[in-house]
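Below: the structure, in structure tokens.
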Amino acid sequence: MKFVVAVDCEGPACVVGSPGGSLTDSRNFAFARLQATREADAAARGLFDAGATQVIVWDNHGGSLNLDYDLLDERCDIALGVGFPHRWPGLDATFSGVLFVGYHAMDNTADANIAHSFSSAAYQWMKVDGVEVGEMAIDAAVAGLLGVPPLFCASDDKAVQEAAHFFPGIETVTTKTGFGWNAAVSKHPRRVVREIYKGVQRAVARRETSRPFQLPSPMTYEIRYKRIEHAEAASRGMRAGERVDPYTVQWQLDSITDRF
Ligand SMILES: [Zn+2]
């Protein structure tokens, strides 16, 4: 009964970006960090109250160091910083599940709040074997290689739909309805906290029906860049991929962990 809660900062209640900038540059960023902390804490409390023996909260927005660790339930362990050997620090095959709190929809999702895939500045989209994927699918696939299933997602309505598409039957909480990159009608943040606490407990109760998520291995991994010089750079040098068209580069990977 060990779990990792992966925490991003775009998906929590009452979070949007600001015109022309990233979330990090937004006037909303201080609240985003506070609400991401509250939602992570609600997930952790729900897990412990459902019998968890260990919960690692992984603070992974941007360069990490976003959450107010003092406000997290003190039974948590916390993965922070950058430069880990792979995604999901601390995760191994003995864990029962991973959870997504504050994640966001992938690139190319209309009316989702701050939808992007790893880099809103650089990427138009990412595909695996021709299918668009976002951060939840990539991260779930990395956990899937250890046999650990995704159990729960809390985010805006578009990201929740995406989670349900990739991970059928996953337990979810919708924090807000997206009406655009920077436009949402949000549930009140304190109500969302209560819903996450309960939703996580439903997810733990149903965990035996959850399956690890897999992407094909080997696979074709493809990125369409927003700027032509980024595609140019990606097709040259040490980890060069093959230039498919002026803006698109692809790599043949044996496994998703070759890149993530
Ligand atoms: Zn983020």
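Sparsely packed loop sites in the range 76-130 (the chymotrypsin sites (Phe, Trp or Tyr not before Pro) outside DSSP H, G, I, E and B with at most 15 other Cβ atoms within 10 Å) comprise 118.
Descending by average beta-carbon neighbour count within 10 Å, the peptides 1-13, 236-248 line up as 1-13, 236-248, the highest first. For the chain, the relative contact order is 21 percent, taking Cα pairs closer than 8 Å that sit 6 or more residues apart in sequence and dividing their mean separation by the residue count. Among 212-221, 226-235, the peptide with the highest mean count of other Cβ atoms within 10 Å heads the list, and the full ranking is 212-221, 226-235. Beta bridges assigned by DSSP with both partners in the range 2-214 are antiparallel in approximately 20 percent of cases.
Applied to the range 18-33, the Karplus parametrisation 6.51 cos²θ - 1.76 cosθ + 1.60 on θ = phi - 60° returns per-residue 3J(HN,Hα) values of 10, x, x, x, 8, 4, 4, 8, 7, 4, 7, 5, 4, 5, 4, 5 Hz, with x for Gly and Pro. State the Cα centre-to-centre distance between the range 217-260 and the range 153-206 in whole Å. Rounded to whole Å, the Cα centres lie 32 Å apart.
Packing around the peptides 143-151, 81-89, taken as the average count of other Cβ atoms within 10 Å per residue, puts them in this order, highest first: 143-151, 81-89. Between the Cα long axis of helix 189-205 and the first principal axis of the chain there is an angle of about 90°, rounded to the nearest 10. Between helix 135-144 and the chain there is an angle of about 80 degrees, using the helix long axis and the longest principal axis of the Cα atoms.
When the range 2-214 is described by a simple charge dipole with +1 on each Lys and Arg Cβ and -1 on each Asp and Glu Cβ, the residue from 133, 83, 205 located farthest towards its positive end is 205. Converting phi to 3J(HN,Hα) with the Karplus coefficients 6.51, -1.76 and 1.60 and the offset θ = phi - 60°, the range 150-158 yields x, 10, 7, 9, 10, 5, 6, 4, 6 Hz in sequence order, with x at every glycine or proline.
What the phi angles of the range 97-113 give under the Karplus curve with 6.51, -1.76 and 1.60, with θ = phi - 60°, is a coupling list of x, 10, 10, 10, 10, x, 5, 9, 5, 6, 3, 6, 9, 5, 6, 8, 6 Hz, glycine and proline written as x. Think of the chain as a dipole: +1 on every Lys or Arg Cβ, -1 on every Asp or Glu Cβ, centred on the Cα centre; then among 64, 251, 189, 189 lies furthest on the positive end. Taking the Cα centre of the chain as origin and assigning +1 to Lys and Arg Cβ atoms and -1 to Asp and Glu Cβ atoms, the resulting dipole is close to 420 debye. Less than 5 angstrom separates the built amide H of residue 78 from those of 57, all sequence-distant by 5 or more or on a different chain. Around the amide H of residue 179, modelled in the peptide plane, lie the amide H atoms of 184, 185, all under 5 Å away and 5 or more residues distant in sequence or on another chain.
Throughout, read-outs are computed from the coordinates displayed, never taken from laboratory work. Keep in mind that what you see is a predicted model, and the values were worked out from it rather than measured. Note that we place each Cβ from the backbone using ideal geometry, even for glycine, and neighbour counts take in every protein chain shown.
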